[in-house]
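Encoded as structure tokens, the structure appears first; notes follow it.
The values are calculated or read from the model by the stated rules, or taken from the named source; none is laboratory data. Everything numeric here is computed off the predicted structure, so don't read it as measured data. Here Cβ is always computed from backbone atoms with ideal geometry, including for glycine, and neighbour counts include all displayed protein chains. Note: accessible area is taken over every heavy atom of the protein model, side chains too, but ligands, DNA and RNA are not part of it. Shrake-Rupley method; radii C 1.70, N 1.55, O 1.52, S 1.80 Å.
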Amino acid sequence: TRILGIEGTAWAASAAVFDAAADDVFIESDAYQPESGGIHPREAAEHMHEAVPRVVERALEHARETHDGPASEPPIDVDERSSSGQQAAPVDAVAFSRGPGLGPCLRVVGTAARALSQALEVPLVGVNHMVAHLEIGRHTSGFDAPVCLNASGANAHLLAYRNGRYRVLGETMDTGVGNAIDKFTRHVGWSHPGGPKVEAAAEDGDYVDLPYVVKGMDFSFSGIMSAAKQRYDDGVPVEDVCYSLQENVFGMLTEVSERALSLTGSDELVLGGGVGQNARLREMLAEMCAQRGARFHAPEPRFLRDNAGMIAVLGAKMYEAGDTLALADSRVDPDFRPDQVPVTWRARSER
Ligand code: ATP
């Protein structure tokens with residue numbers, strides 16, 4: 001199976017081709033970089049409009065270069081098309097991120113995916129971006145039933161599989177974790193994205209007191225962010241604020257991840273999302289897992305930040321399970337929650 005994946009929920013215009021037989025993922029991405037402030041939805045959508053055709057073309061070029069002829073078992077009508085002079089499709093299906101994300105961006109990507117599926121005469125697969133963050137970790141780790149910590153820009157939650165769905169065990173009560181960090185760095189005057197800058201500054205910092213808010217399985221970032229801004233305005237060195245911000249925010253995520261492992265009885269944790277690129281967060285999670293005899297897996301950075309590779313990989317699983325979309329049902333959903341997705345692609349015995 002060979003699947004074209006297209007991602008465009010926020011800042012990354014990305015296309016990928018996943019070749020299941022070779023277990024090879026080719027990704028071509030083009031990031032939107034705001035000139036000032038954070039992500040502006042309309043500008044991000046304009047970026048999608050401009051960049052998606054280019055990254056898709058590059059991914060399809062790669063698919064054509066690396067393979068001759070039809071993608072997998074050719075359906076009869078593909079042969080007919082070939083003999084009528086039209087080239088066989090270089091992929092078996094087109095998978096796209098349906099949500100959650102910024103509506104204007106999702107609509108551009110949805111339109112592109114529908115057009116491509118029609119032009120190539122292959123099915124359309126609608127992928128939940130959050131489930132894709134989880135499934136790429138499951139794919140690259142080989143873990144069977146992991147708990148997943150999604151630590152991304154616009155989200156933060158813990159997912160685990162139960163009775164046919166990925167259930168949200170715990171989540172942020174306000175902003176996503178990356179967005180919270182980015183709000184602090186905007187206040188300080190640093191350019192977007194702020195996460196890597198906080199990570200670098202934290203290396204030279206000492207601890208100052210900041211709020212730490214975990215309520216049951218949920219957590220909140222707004223109080224800690226306001227306090228961090230206040231400390232900075234009061235003249236506390238920015239390195240100290242960054243260090244303390246990381247210790248508290250990642251400590252909260254680690255505490256709830258541990259509780260999720262304990263509740264589910266799982267001994268596997270995978271990490272997802274762009275904040276997962278942070279070495280301190282990975283260190284805390286790895287240490288917590290080691291202490292309780294659980295295994296920890298963080299995918300490589302290209303699979304952590306938003307990318308079409310994870311869309312193509314989950315798209316292949318869904319395609320193989322026959323989980324494709326009719327054009328009429330293919331509208332995007334900015335609030336698409338992971339627990340709305342019936343998990344069709346796991347073996348029946350596992351479901
Ligand atoms: P979502 O998947 O929820 O739609 P998103 O589209 O905003 O999120 P991601 O690529 O998952 O994007 O994550 C981007 C976020 O990751 C940004 O907020 C950025 O600051 C943060 N980030 C990137 N690198 C690091 C790092 N080294 N440490 C902490 N945060 C980081």
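Quick notes on this structure:
- Check on V108, modelled with pLDDT of 95 or more and in a loop (DSSP other than H, G, I, E, B): no
- Selection count, region 259-275, where residues are open to solvent by 10 Å² or more (accessible area, probe 1.4 Å) and farther than 19 Å from V214 by Cβ: 5
- Within region 51-67, the only residue that satisfies the criterion of being basic (K, R) and modelled with pLDDT under 95 is R64.
- Assessment of region 262-271 against the conditions (part of a helix (DSSP H, G or I) and in contact (Cβ under 8 Å) with a residue 60 or more places away in the chain) yields at least one matching residue.
- Taken over region 139-159, the residue count meeting the criterion of being more than 12 Å from the ligand (Cβ to nearest atom), in contact (Cβ under 8 Å) with a residue 24 or more places away in the chain and surrounded by fewer than 24 Cβ atoms within 10 Å (Cβ to Cβ) is 6.
- Within region 306-318, residues that are farther than 15 Å from G8 by Cα and in a helix (DSSP H, G or I) have Cβ atoms under 6 Å from residues that are within 12 Å of the ligand (Cβ to nearest atom) and modelled with pLDDT of 95 or more in these pairs: V313/I136; L314/A132, counting only partners at least 6 apart in sequence or on another chain.
- Hits in region 287-307 (condition: surrounded by fewer than 18 Cβ atoms within 10 Å (Cβ to Cβ) and either of a type in the set (G, A, S) or within 14 Å of the ligand (Cβ to nearest atom) (or both)): A290, G293, E300, P301, R302
- In summary, L281 fulfils each of the numbered conditions (1) assigned to a loop (DSSP other than H, G, I, E, B); (2) touching a residue at least 24 places away in the same chain (Cβ under 8 Å) with the single exception of condition (1).
- None of A31, A12 is open to solvent by less than 10 Å² (accessible area, probe 1.4 Å) and either within 13 Å of the ligand (Cβ to nearest atom) or among the acidic types (D, E) (or both) except A12.
- Residues within region 91-116 that are in contact (Cβ under 8 Å) with a residue 60 or more places away in the chain, more than 14 Å from the ligand (Cβ to nearest atom) and of a type in the set (G, A, S), tallied: 5
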